[in-house]
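What follows draws every value from the coordinates through simple rules; no lab data is involved. Every value quoted in this text rests on a predicted model; they were computed, and no experiment measured them. Positions of Cβ are backbone-derived with ideal geometry, glycine not excepted, and every protein chain shown enters the neighbour counts.
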Amino acid sequence: MNQVNDERSRHVVATANRLRMVQVGFADEAAPARRQYLSEELKQALAKVLPTERAAFLEELRSNFPTWDQQVELGNQQAAASQTDLAELRDPSFLVTRLIELSAHLTVDQRTVLAHRLAEAGLSSGGGDWPLEADRAFKQKMQIPEDKRVDAARLMDLAGMLTDFVNSIQQVAWNTWRTLAPRSTLRNPGRFSLTAAKFAGNDQNVPRGQIAQELDLLRGLIASVIASVGQAGKQFARKHLGTFAPASIQQAAQSEGNPPLVGSRWDTYYWRKYDELAKPLDEAAIDAEIMQAIGTYAESLMKGLTR
């Protein structure tokens, strides 16, 4: 409160000095002209004072002028203040200036509510034209301090970039899925940006749940494919070790029940068995087996996610 009084007193002193300069500078003018000049100077001074402080300001200013223009007293302060108040209340520029000055002392909730009301009146294009709860939730997810303003233009730009990213990664992910699991009944729900555009355009047929479901499906698909790549080597190794390990070859050869030919050894049969089993393997066959291993594992993960 003392700070307010100090500021008012400094403003009173500055105004009094300017008024004296006007009196001296226009001493040769007629009384009505001097009054007009003094009135204009006074209005300019009042414009810088809060309405609730104007009466005190005028009273303090009057104490600096026992008489006004020799015989004219500085009276009728309330009438002068009222006329100035009315003029300023009709001046949009003044009101905006005062709102900006007062905003430094507003809470986050008060700022958001005021910004929302301005947006409703068509006086703001962003920064507060979304619900308070949505603004809070977004800031929490993005770890933005509550007292920071979200820039609407940048938010729209960010949304566009993220949509482009989802579209591109969606196409790659589902093309890969078709290669890995061509017989899978799991299918691409369609271009994400089309659904997102309807949701952003307030299409009541596209609820938030549909957007969340499509994103969850895409996230699950990408996670399953990535996890499957890490398991593909183990799957491939397990299968081929089971087929081509020495013990497996011996067991496969002996299970046929053919005794060695006279003068031959069992290791000859083992080699023949290995040659028989390995002959179908080539680059294409190995690639197909690895892709199948990835697809099988990924599909098992996806079934768990989509149940």
*Each residue of the range 38-52 in order: what ³J(HN,Hα) in whole Hz does its phi give by Karplus 6.51 cos²θ - 1.76 cosθ + 1.60, θ = phi - 60°, with x for Gly and Pro?*
5, 5, 5, 5, 5, 4, 4, 5, 5, 4, 9, 10, 4, x, 6
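Please list, by residue number, every one of the trypsin sites (Lys or Arg not before Pro) in the range 145-179 that is coil in DSSP and has at most 11 other beta-carbon atoms within 10 Å. Before the final figure, lay out each step's value.
Values: sites: Lys148, Arg149, Arg154, Arg178; in loops: Lys148, Arg149.
Sparse-neighbourhood loop trypsin sites (Lys or Arg not before Pro): Lys148.
About the Cα centre, and with charges only on the beta carbon of Lys, Arg (+1) and Asp, Glu (-1), how big is the dipole of the range 147-269? Nearest 20 debye, please. All intermediate terms of the calculation are to be shown ahead of the outcome.
Working: 14 positive and 9 negative charges, 20 e Å.
I would put it at about 100 debye.
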*Sorted by average packing, counted as other Cβ atoms within 10 angstrom per residue and highest first, what order do 246-256, 288-298 take?*
288-298, 246-256
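Could you rank the peptides 38-49, 199-210 by their average count of other C-beta atoms within 10 Å per residue, with the highest value first? Working shown, then result.
Numbers: 38-49: 16.8, 199-210: 10.6.
Result, highest mean Cβ count within 10 Å first: 38-49, 199-210.
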